[in-house]
Amino acid sequence: MAKLGEVCLLKAGKFVSANDISPEYNKGLYPCFGGNGIRGYVADYTHDGEFPLIGRQGALCGNVNLASGKFHATEHAVVVQPKIEMNVHWLYYALNAMNLGQYATGAAQPGLAVSKLETLSIEIPNISEQNKIAQTLYKVEQLVNFRKQQLAKLDELVKARFVEMFGDEQAFNKEPLSQNVEEMFIGPFGS
């Protein structure tokens, strides 16, 4: 068991003005990550590589994203850089599993202090185990995303069939079918 700050460098990103963030990608721009993921695109980058990012401000603080390549991290994102040999994908999954949002303070605008994150304990398996864990979780994540896409397509097909049969798109239940299907198989109480 180690403290996160002993094995990783945790540092908030750099301020960028909202006026300098383009909502659309254009050639020569880089992804700009805030506390909740990509905010848009900017002309310069602060990092180059692959890093987990922890959101440190707002209702979703504690969420974890994985940024790759050249990107700009704002002051609302904590860039996590291993100090020791570590699989960054494993680290990404491990940080997600830590439910970091529970350590937020403040009511109106919750926030996570880097100093608090540095004191959290993390168990670090050897690099071979990290690689196996990361590979398995990546496969599971891909399967979950594939199933979500299938459910979204099913929602579209059911809606199209409903409109074809009854001609009234307004009357179609706005709740996605996938939620109804989940309740049929899982039940209204979770499991």
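The values are calculated or read from the model by the stated rules, or taken from the named source; none is laboratory data. Computed from a prediction, not measured in an experiment: that's the story for all the values here. Positions of Cβ are generated from backbone atoms using ideal geometry, with glycine treated the same way; all protein chains shown enter the neighbour counts. Ligands, DNA and RNA are excluded from the accessible area calculation, which covers all protein heavy atoms including side chains. Shrake-Rupley method; radii C 1.70, N 1.55, O 1.52, S 1.80 Å.
Just a few scattered comments:
- Under Karplus coefficients 6.51, -1.76 and 1.60, residue-wise ³J(HN,Hα) of region 46-51 in Hz, glycine/proline x: 9, 9, 9, x, 10, 9
- In this structure, the pairs whose alpha-carbon distance is over 32 Å, taken from Lys27/Lys116; Lys3/Lys27; Lys70/Lys132; Lys70/Lys148, are Lys27/Lys116; Lys3/Lys27.
- Gyration tensor (alpha-carbon) shape descriptor, region 23-156, a/c threshold 1.5: rounded
- Element breakdown for region 35-156 at a 1.4 angstrom probe: carbon and sulfur atoms account for 51% of the accessible area.
- Euclidean distance of C-alpha centroids, region 108-148 and region 48-101, integer Å: 9
- For q = 0.12, 0.20 Å⁻¹, Debye-computed log10 I/I(0) when each Cα of region 1-75 counts as one equal scatterer: -0.33, -0.84
- For region 28-123, applying the loop criterion from DSSP together with a ceiling of 10 other beta carbons within 10 Å to the GluC sites (Glu not before Pro) yields Glu85, Glu123.
- Total charge dipole magnitude, the chain, about the Cα centre, Cβ charges on Lys, Arg, Asp, Glu only, Debye to nearest 20: 320
- Accessible area per residue in Å² at 1.4 Å probe, computed on region 16-129: 50
- Solvent-accessible ranking of Thr119, Thr74, largest area first, probe 1.4 Å: Thr119, Thr74
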